[in-house]
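Worksheet: the structure to be examined is printed underneath.
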Amino acid sequence: MATSPDPLQLLRQSIVSLILPTLLTSSSSPASSLGEASFISFPPVPPLTDSPTSIAKDTPTRYTSKAGTRDEFYNIGQLWLAWNERESGVRDYLMNGQAGGVGYVAITDRRGVVEFLTGESEATGRVLKKGEQVEASTSATAASATAEALPSALQSSEAGPSKPAAPTKRKYEVDIADREFCKKLRAEEVELRDRNSVLRSSGGGKVNNFESFLKTTMVEKIRALRGSFDKGASKAAAQAQQQAGPPVGAKKAKSTHPIIIISSSPTSLLTMWNVKKFLEQGVFEPSDVARQNEAAQGNMRAEDVVAILRKRSGPHGDVTSKYYVVDGVDALQKFGQDAWDRVICVVTTGQAWQFKPYKWQDPRMLFRNVKGVYFQWSNESTNPTVKDWNVTEMRIDRSKRHTDRQVVADLWRILDGAKRR
């Protein structure tokens with residue numbers, strides 16, 4: 001009898017190999033959402049399987065739902081959802097997890113799960129070795145989110161699988177001694193209902209008369225204050241005009257720095273780890289090497305927005321232009337609702353899933369509106385997928401000891417043309 005493939009290993013290998021699974025209902029028909037699905041179906045994924053494999057969406061995996069635990073695991077449906085919704089905002093992600101019927105990966109674990117599934121990390125300490133997990137009959141998977149738990153999950157920065165049901169609260173019984181003490185305090189307290197009651201001089205309710213005080217002392221003080229205000233009114237107005245900002249109706253000038261989007265795929269030659277050195281210095285450093293260098297300096301995570309300063313000579317001296325690089329829509333949204341108007345270039349790896357959350361999801365339509373660039377090694381053949389996408393292919397030569405200033409210069413000329421479109 002053939003050995004069943006490990007669900008976690010199969011899901012990870014399919015994503016890394018871009019042999020993506022599909023969703024099936026209980027009758028083996030295609031499902032449009034995780035909520036309708038009963039199974040996650042995998043095509044043959046060499047070298048793990050040589051035939052299609054279907055796995056129930058609530059099947060536990062070896063990925064633990066808490067650090068240090070050995071008996072609570074995320075199921076394959078939750079892991080698939082975390083990867084499939086990796087570009088979604090927190091609220092949409094939680095709502096889709098609720099609708100999916102299997103729960104969701106905790107927000108604090110979400111990025112780590114995606115990095116593990118795409119091969120960027122090994123999730124040390126969170127993935128048990130084969131055979132280490134408790135038998136399914138005695139183990140517990142991360143609980144699915146319920147309708148009662150969802151509102152609190154949406155408000156929490158550490159929202160995740162719903163907590164176990166809270167125990168029934170015991171009815172509060174009032175202590176008789178406490179009740180009598182509270183009654184005594186209530187009887188002795190003074191209620192301050194309005195300004196007259198605060199100013200009463202006696203318990204009889206007689207209100208003090210301050211009219212004579214207002215006509216003498218306070219009138220003189222007010223007259224003196226008004227005189228001093230009138231003398232300095234002109235000077236104060238002039239100072240206020242100088243210190244005041246732009247008129248209330250004036251609009252703040254919007255930033256117009258161009259934006260470049262690169263792919264978040266782990267197979268991309270340009271990543272958030274090495275793009276700054278490449279575009280500013282014309283030096284290509286492999287992503288894994290750049291990541292190790294940053295880690296040695298204490299930088300364990302790449303920035304989601306990288307500022308690029310392009311220096312060039314002009315007729316009146318050196319000119320510095322500023323660009324921004326992002327690798328996803330979440331970071332792009334930080335630039336406001338008109339961020340897509342500033343996007344001048346999309347760097348693609350030839351994978352269509354990159355465009356799913358974009359303004360234009362069809363690559364042909366996208367590259368009619370935005371300049372497309374495809375990087376590859378100089379000794380690789382042309383990718384047939386991108387031939388019909390209207391993108392510019394650029395090649396990086398491995399033999400130049402990582403120096404590619406000419407490639408970068410050609411790229412800037414292309415982007416200058418994109419800005420003038």
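The values are calculated or read from the model by the stated rules, or taken from the named source; none is laboratory data. Note that the structure is a prediction, hence the values are computed from the model and not measured. Methodologically, a virtual Cβ is constructed for each residue, glycine included, from the backbone with ideal geometry; neighbour enumeration extends over all protein chains shown. Accessible surface areas use protein heavy atoms only, side chains included; no ligands, DNA or RNA. Shrake-Rupley method; radii C 1.70, N 1.55, O 1.52, S 1.80 Å.
Here are a few things to note about the model shown:
- Ser51 being within 26 Å of the chain's Cα centre (by Cα), loosely packed, with under 15 Cβ neighbours inside 10 Å and assigned to a loop (DSSP other than H, G, I, E, B): no
- Residue match in region 83-94 (condition: under 20 Å from Arg126 (Cα atoms), of a type in the set (Val, Ile, Thr) and either touching a residue at least 12 places away in the same chain (Cβ under 8 Å) or not in a loop (DSSP other than H, G, I, E, B) (or both)): no
- Residues in region 10-19 that are touching a residue at least 40 places away in the same chain (Cβ under 8 Å) and surrounded by 15 or more Cβ atoms within 10 Å (Cβ to Cβ): Leu10, Leu11, Arg12, Ile15, Val16.
- Glu132 vs. criteria at pLDDT below 90 and open to solvent by 30 Å² or more (accessible area, probe 1.4 Å): yes
- Checking each residue in region 361-373 for being open to solvent by less than 50 Å² (accessible area, probe 1.4 Å) and within 25 Å of Glu85 (Cα to Cα) picks out Pro363, Leu366, Phe367, Val370, Gly372.
- Any hit, region 335-351, residues being surrounded by fewer than 15 Cβ atoms within 10 Å (Cβ to Cβ) and in a helix (DSSP H, G or I): yes
- Residue in region 312-328 that is assigned by the TED database to the domain that holds Ala290, over 20 Å from Glu285 (Cα atoms), assigned to a helix (DSSP H, G or I) and within 32 Å of the chain's Cα centre (by Cα) present: no
Per-residue answers, yes or no, for (1) of a type in the set (D, E, K, R); (2) in contact with a Cys (Cβ under 7 Å, 6 or more places away or on another chain); (3) over 19 Å from Ser4 (Cα atoms); (4) not in a helix (DSSP H, G or I):
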residue	(1), (2), (3), (4)
Ser32	no, no, yes, yes
Tyr63	no, no, no, yes
Thr69	no, no, yes, yes
Leu81	no, no, yes, no
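- Within region 402-421, no residue that is surrounded by 13 or more Cβ atoms within 10 Å (Cβ to Cβ) sits with its Cβ atom under 8 Å from a residue that is assigned to a helix (DSSP H, G or I) and modelled with pLDDT under 75 at 6+ positions apart or across chains.
- Looking only at region 195-224, and only at residues there that are assigned to a helix (DSSP H, G or I) and open to solvent by less than 70 Å² (accessible area, probe 1.4 Å), the one that is modelled with the highest pLDDT: Ala224
- When residues of region 96-112 are limited to those that are under 20 Å from Phe39 (Cα atoms) and aliphatic (A, V, I, L, M), the one modelled with the highest pLDDT: Val105
- Inside region 273-287, residues that are open to solvent by 20 Å² or more (accessible area, probe 1.4 Å) and either touching a helix residue (DSSP H, G or I) at 6+ places or on another chain (Cβ under 6 Å) or in a loop (DSSP other than H, G, I, E, B) (or both) make up a count of 4.
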